Structure formats: structure tokens, C-alpha cells
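A quick write-up on the structure given underneath.
The values are calculated or read from the model by the stated rules, or taken from the named source; none is laboratory data. All figures in this text were calculated on a predicted structure; none of them were measured in a lab. Cβ placement follows ideal geometry from the backbone for every residue including glycine, while neighbour counts extend to all protein chains displayed. Protein only, heavy atoms only, side chains kept; ligands, DNA and RNA dropped before computing areas. Shrake-Rupley method; radii C 1.70, N 1.55, O 1.52, S 1.80 Å.
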Amino acid sequence: MLDLELSDPAAPPVPIPTPISALVESQLNDPFRQESPTLPGSAGEHLLQSAYGTEKRARRFYDDQVLDRLNAEMKEFIGRMELAFVATSDARGECDSSLRAGPPGFIEVLDDQHVCYPEYRGNGVMASLGNISENPHVGILLVDFVTDLIGLHVNGKARIVEDADLRGIYPALPSEFDRGRTPERWVVVQVEEAYIHCRKHIPRMMPVLRERTWGTDDVKRKGGDYFGAKGMPRPWHEVTAGS
């Protein structure tokens with residue numbers, strides 16, 4: 001089993017009270033807090049379930065669908081997925097959602113409670129990794145749009161590990177990658193929650209062949225200014241100009 005120490009955020013998130021949370025918390029106690037401190041979900045979930053009368057439905061979902069580790073079916077599902085949506089936030093709770101993609105199985109299942117995915121050379125911003133360096137909590141959504149029309153949520157704590165370091169711990173990592181790329185580092189996620197995303201609203205899609213321009217930094221060929229953002233004013237430009 002992979003044994004990785006997962007650090008806490010560098011700084012605790014700054015709480016941002018909202019009128020509705022303040023109102024609900026002032027009127028209700030978390031009905032599950034004393035009963036079962038290990039029940040899935042946040043205090044906010046539980047408070048709103050009580051406020052809106054959905055406790056029984058929620059409890060049934062927790063009991064029937066939510067696991068604290070990956071079972072065999074979940075591992076098989078992850079092993080054939082070609083894309084994932086990764087949600088992160090920084091220490092203040094400011095969020096980012098990003099797409100990760102690769103050949104089937106690009107997300108490696110290390111054991112029942114650990115998965116990892118590779119990080120390659122990108123645009124240099126490192127928004128997701130930057131968030132993880134401040135706040136290890138991540139949410140991954142994998143969706144089968146083609147065959148079974150079903151999704152899997154994997155939530156947990158992440159750590160950034162350099163490629164050579166992870167190979168030293170887990171020598172079975174693949175050495176051949178799509179288009180010959182080599183990961184610079186990996187994100188290792190310790191699974192805390194794994195549960196289904198129902199198929200009701202998942203559209204069916206069909207993969208089609210398309211011409212792609214791999215390995216280019218040409219903005220036009222990458223579609224890098226598709227939304228016409230280049231040249232528009234930014235508030236940080238004003239700060240730079242005035243300093």
C-alpha cells in the first residue's frame with residue numbers, strides 16, 4: 001500500500017459567512033454531528049437536509065452509494081476512463097475546475113484508497129497544483145459519456161509528488177505514455193469518498209476521429225485565443241503600470 005504523508009493546508013481557509021448559512025445555523029443543529037461523526041458530507045449538507053426535509057433520502061444515498069474506498073467495480077471504471085474533471089480550491093476557498101485527459105487508464109489506481117494522475121508540461125500557470133499546495137482537498141468527477149452513461153465521484157486529499165520520487169515508491173508505474181510524453185510530476189489522491197453520479201442527465205456522446213496539432217505552442221493552432229481575450233484590459237495591468 002502506498003504510504004504517503006498528506007499535509008494540511010498551509011493556512012486555514014478564511015470563513016466567508018453568508019446570510020443563508022448564518023440563518024440556517026442559527027435555527028438548526030446538525031442532526032448527524034453527535035449521532036455519527038464519520039457520516040459522509042459536510043455540516044452544511046446535513047443542516048440543509050434538515051431544513052428541506054431530505055434527511056431520509058440523503059441517509060439512504062450515503063448508506064447505499066457512498067464508500068470511503070474504491071471497490072472492484074470502481075477500480076475497473078477508473079481504469080477505462082479517458083477524461084476527468086478535477087476541482088480544487090486555495091486556502092481561501094477560491095475554486096478552480098480543470099479537465100485532465102489521456103488514454104484509458106491514465107488515472108492510475110494504486111490501491112483501494114489511492115489513485116494518481118500525471119501532470120505534463122502545460123501553460124505554466126499551475127492553477128490546480130497551486131491550489132493543492134495550499135489546500136489538499138480535491139474532487140474528481142469521471143464520466144462515461146459513451147457506453148454506460150454513468151459517473152463516479154472521487155473526493156479526497158491530494159499531494160504533489162515528483163515523477164522520480166513516486167516511481168521509487170511505486171515502481172509499477174507505466175513507463176510508456178501517450179505521444180511519448182513523460183510526466184513531470186503526479187498528483188496522488190487519498191480517497192475519502194467514492195460514489196456514483198446517476199445517468200439521468202448524462203448525454204450520450206460518440207468519439208470521432210479528428211486532426212490534432214500535438215506538441216505546438218502556436219496560439220492559433222492551439223485555439224489559445226478562441227474567446228478573444230488577448231489585448232483586453234486587466235486590473236493587474238493597471239497596478240503594474242502605476243507602480
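What the table shows:
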| read-out | value |
| --- | --- |
| Residue count for the range 82-105, restricted to those that are in contact with a Pro (Cβ under 7 Å, 6 or more places away or on another chain) and of a type outside the set (Asp, Glu) | 3 |
| Hey, HIS201 out of contact with any helix residue (DSSP H, G or I) (no Cβ under 9 Å at 6 or more places or on another chain), within 20 Å of LYS75 (Cα to Cα) and not polar (S, T, N, Q) or not | no |
| Filter result for SER89 (open to solvent by less than 60 Å² (accessible area, probe 1.4 Å), among the small types (Gly, Ala, Ser) and either over 23 Å from ASP163 (Cβ atoms) or free of Cβ contacts under 8 Å to residues at least 12 places away in the same chain (or both)) | yes |
| Exclusive hit being small (Gly, Ala, Ser) and either surrounded by 19 or more Cβ atoms within 10 Å (Cβ to Cβ) or closer than 20 Å to ARG199 by Cα (or both), set ALA127, ALA84, ALA164 | ALA84 |
| Residue in the range 118-133 that is at negative phi, in contact with a Phe, Trp or Tyr (Cβ under 7 Å, 6 or more places away or on another chain) and not acidic (Asp, Glu) present | yes |
| Filtered residue count, the range 179-192, keeping only those that are in contact with a Gly (Cβ under 7 Å, 6 or more places away or on another chain) and either aliphatic (A, V, I, L, M) or open to solvent by less than 50 Å² (accessible area, probe 1.4 Å) (or both) | 2 |
